[in-house]
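Engineer: Questions regarding the structure given below will be posed in turn.
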């Protein structure tokens, strides 16, 4: 069975995730971050001080974030 981390497109991910999560009921942290990355919903700063970091709406700074919307 193909693993979530092997997916490179959203279509592959959708097809696999539905079956896998329905069968096993869970995904690892690494798999979840990969899913968010494929959806352009995950960002993590690599630690390079020359690159920009995230400034949150509350004024604080962050080295990463997830964008999630619940309907």
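Every number here is computed from the coordinates shown, using simple stated rules; none is lab data. Computed from a prediction, not measured in an experiment: that's the story for all the values here. We place every Cβ from the backbone using ideal geometry, glycine too, and count neighbours over all the protein chains shown.
Engineer: How far, in degrees from 0 to 90, does helix 29-38 lean away from the longest principal axis of the Cα atoms of the chain, to the nearest 10?
Structural biologist: 80
Engineer: Round to the nearest 10 and give me the degree value, 0 to 90, for the angle of helix 10-24's Cα axis relative to the longest principal axis of the chain.
Structural biologist: 70
Engineer: Looking only at 31, 12, 55, which one moves most when the chain is put into a Gaussian network model with springs between Cα atoms under 10 Å?
Structural biologist: 55
Engineer: Can you sort 7, 69, 39 so the residue with the fewest Cβ neighbours within 10 Å comes first?
Structural biologist: Numbers: 7 19, 69 5, 39 13.
Going from sparsest to densest Cβ surroundings: 69, 39, 7.
Engineer: Just to be sure I understand: with springs between alpha-carbon atoms less than 10 Å apart, which residue in 47, 58, 25 has the highest mean-square fluctuation in the Gaussian network model of the chain?
Structural biologist: Looking only at 47, 58, 25, the largest GNM fluctuation is found for 58.
Engineer: Mind checking which of 16, 38, 56 has the largest fluctuation in a GNM of the chain, springs on alpha carbons under 10 Å?
Structural biologist: Comparing 16, 38, 56 in the GNM, the peak value goes to 56.
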